[in-house]
Structures are given as C-alpha cells and as structure tokens.
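Got a structure here, written out as structure tokens. Questions coming.
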Amino acid sequence: MLTRSWQRLIGLVLLLSVAACAGPQPTLRSNKQLHLYGRQIAQQAIESCQKQVERTGLHPGVHQSANAATGAVLGLTLGGAVGASAGIIGGLPGVTIGAAAGSGLGLVIGLLGGTFKPLEPEPPYADAVESCLKDKGYEVSSWE
C-alpha cells in the first residue's frame, strides 16, 4: 500500500499533467476596445483568433509537460551529482545516501520548476494571433 506522501506526490503529478494541457494565452493591454466591450467579449475574441489561426495549420507548439520532464531530468541529474559530492566526507555510504537524497530533491524541484516555466508559443503562431486581435482592436502585451 502507498504511503501518504507517495499518494500526494502522485496526485500532484496527475494535477500538473491535466494543467499541462492548457496552452499559452495572450494577455491584452488595457485599451479603448477592452474597456468598451469588457473581458468576456475580449476572451471570446482571443478564442476566435486562436481557432482561426489553428485552422490554417499553425499551432502553439508549447507543451508544459515537456518543460516539466526536462526540468525533472536536469534536477535528478544535478541533484544526484551535488548530493554525491556532498556525501564524500562519509565515504561510500555517505556518497550513496547523498546521491539518493540529492536526486530525489532535485527531481521534485526540477519537475515543479519546469512545470511553472513561462509558456511562450511558436513565433509564427503568436504573430498570427496577435495580428488577428489587432484587426479586432485589441493589443497583446504578453503571453502566459
């Protein structure tokens, strides 16, 4: 049977996997059009532009789960190396324990860091969506 901490870790990974499906969204600059029609109409315009651009064959090209996996691998590797070097003082058992502890901590930190890395779409996709929104009177300030 799984311990409580393993159940929480598995739950966190599943939650992050579901959140990873969400693509980057443009953030609109406050302007006359946004104030006139409000955020709900602006969100509809964003969704409309994204669908229009995706029908042309362009896609955001950003996968948050890939960011998380890359962060986890880097964290695992670097954490293991740092842990092993820190455990040299204790001889072979110290190196082993240090590497294991460093790898575990590095894995978790890398996974979380990669998951929350800012999302930016492929430049052609972003340009097309921004152009569509500009035609509708909106201005994009950034992507998140």
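Every read-out reported here was derived from the displayed coordinates using simple, explicitly stated rules and does not represent laboratory data. As the structure is a computational prediction, the values presented were derived from the model and not from experiment. Methodologically, a virtual Cβ is constructed for each residue, glycine included, from the backbone with ideal geometry; neighbour enumeration extends over all protein chains shown.
What is the fewest-to-most order of D127, D135 by other Cβ atoms lying within 10 Å of their Cβ?
Listing D127, D135 from fewest to most nearby Cβ atoms yields D135, D127.
Counting other beta carbons within 10 Å of each residue's own, what order do Y125, Y37 fall into, fewest first?
Final ranking by Cβ density, sparse to dense: Y37, Y125.
Please report R29, R55 as a ranked list, fewest other C-beta atoms within 10 angstrom at the top and most at the bottom.
R55, R29
Please list, ordered by chain and number, the residues whose modelled amide H lies under 5 Å from the amide H of W143; skip anything fewer than 5 residues away on the same chain.
T27
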